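Some notes on the structure that comes next.
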Amino acid sequence: MKVLVTGGLGFIGSHTVVELQKEGYEVLIVDNLENSSRDVLDGITRITGVKPEFYELDLKYKTAIEVLCAEHPDLAGVIHFAANKAVGESVQHPLKYYKNNINSLVYLLEELIKLKNKNFIFSSSCTVYGEADELPITENAAVKPAESPYGNTKQIGEEIISDVCNINNDFKAVALRYFNPIGAHPSAEIGELPLGVPQNLVPFITQTAMGLREKLSVFGGDYPTPDGTCIRDYIHVVDLAKAHVVALERLLNNQQESNLEVFNLGTGKGSSVLEVIDSFERVSGEKLRYEITDRRTGDVVSAYAETSRAKNVLGWETQLSLDDAMASAWKWEQKIRN
Ligand code: WQD
């Protein structure tokens, strides 16, 4: 069966392509290479032995997806990752985010509702919850006013899909709300490739240990948490990738309870910034240079998933630990710098 993966050369997209190919799916990748590189295609091929079909297309241009869907009317499903995802950049350039993340989604949906198979998986984010009122965070937690245009595009994206599902009862969608994806494929053939100075914690840690960054700034040590640093739910990207295959098969096997379902994807365990640093030092044997500095605007104090719905309904749960993820991130960093 043929599956279209948009943004398939990105961090989560590439790891999902590997898991789809391992399950025997034929994968088509669309990517505009704005935040990725063709080298990722070679990395995927080295892991699975199968080179996915790749189209360098930009989904913000409507004709791109029209041509693609016309050439592949038999797609079994679509997994939509293609979007800009840097929170800070979205604050500085909101229209770039609305144009790319929203227009691409609308153009894609316009074509998909014409196809025979209408199975759609949307890459969403725990960002939609903001600072949740209760922890751990369930799927019923209130969607809070977005803290950034990036987060707003995820909220708007879910609402657009909901409206499409309401008027197309044969259109079936799953929105996957990721917590914090980290790590890399154990082969170190693919991983996270931040462009420029990393905004996210784990690539900044590994680049500091590699000597590319002078030291890590820990944004705030005075939060109301056990060690004063923020808490997040760090999920290994391979576990996250596998969840997309499980969600796709739920759609293909018509197992859904409604034609739009939402699942939180996390470990269910919160880890503080200092605990992540400890994990890194333990698995790498490296001493990390860091300094506790001021808080970062927009950070929530604590966010981690309530995982029973993913486990009992979706039939998926994480298998890998924080140490596994940090070890894979370090192995990847060493690989790309040598
Ligand atoms: C994690 C923790 C920082 C960098 C973002 C997006 C979210 C998702 C994941 C896309 C926080 C601290 C970080 C640093 C630090 N992305 N930190 N020093 O902000 O939880 O989530 O990425 O879907 O949508 O919002 O991730 O990795 O930036 O930060 O102390 O140099 O690490 O304060 O507590 P975040 P992050």
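The values are calculated or read from the model by the stated rules, or taken from the named source; none is laboratory data. Nothing here was measured: the structure is a model prediction, and the numbers come from that model. Note that we place each Cβ from the backbone using ideal geometry, even for glycine, and neighbour counts take in every protein chain shown. Calculation scope for accessible area: heavy atoms of the full protein, side chains included, ligands and nucleic acids excluded. Shrake-Rupley method; radii C 1.70, N 1.55, O 1.52, S 1.80 Å.
For region 193-290, the helices (runs of 4 or more DSSP H) that sit wholly inside it and include 1 or more residues that are over 23 Å from residue 124 (Cα atoms) and open to solvent by less than 10 Å² (accessible area, probe 1.4 Å) are 201-209, 273-284. Please specify each residue of region 192-234 satisfying the condition of being near the ligand (Cβ under 8 Å from one of its atoms), without any contact (Cβ under 8 Å) to a residue 60 or more places away in the chain and in contact with a strand residue (DSSP E or B) (Cβ under 6 Å, 6 or more places away or on another chain). Passing the criteria: only 204.
Looking only at residues of region 127-181 that are part of a helix (DSSP H, G or I), open to solvent by 10 Å² or more (accessible area, probe 1.4 Å) and in contact with a strand residue (DSSP E or B) (Cβ under 6 Å, 6 or more places away or on another chain), we find that the one that is nearest to the ligand (Cβ to nearest atom) is 154.
Given the residues 34, 19, which is the only one that is among the charged types (D, E, K, R), in contact with a Lys or Arg (Cβ under 9 Å, 6 or more places away or on another chain) and either in a loop (DSSP other than H, G, I, E, B) or modelled with pLDDT of 95 or more (or both)? Testing whether each residue is among the charged types (D, E, K, R), in contact with a Lys or Arg (Cβ under 9 Å, 6 or more places away or on another chain) and either in a loop (DSSP other than H, G, I, E, B) or modelled with pLDDT of 95 or more (or both) leaves just 19. Looking only at residues in region 43-90 that are more than 24 Å from residue 174 (Cβ to Cβ), charged (D, E, K, R) and part of a loop (DSSP other than H, G, I, E, B), the one that is farthest from the chain's Cα centre (by Cα) is 51. Against the definition (in the same structural domain as residue 9 (by TED's automatic domain parsing) and either part of a helix (DSSP H, G or I) or more than 21 Å from residue 238 (Cβ to Cβ) (or both)), how does residue 40 come out, yes or no? In short, yes. Of all residues in region 298-314, those that are closer than 21 Å to residue 146 by Cβ have Cβ atoms under 6 Å from Cβ atoms of residues that are within 11 Å of the ligand (Cβ to nearest atom) and open to solvent by 50 Å² or more (accessible area, probe 1.4 Å), 6 or more apart or on another chain, in 298/147.
Just wondering, is there one or more residues in region 296-303 that are out of contact with any strand residue (DSSP E or B) (no Cβ under 6 Å at 6 or more places or on another chain) and open to solvent by 60 Å² or more (accessible area, probe 1.4 Å)? Yes: one or more hits. Based on what the data block shows, is residue 146 of a type in the set (A, V, I, L, M, F, W, C) and without any contact (Cβ under 8 Å) to a residue 60 or more places away in the chain? Yes.
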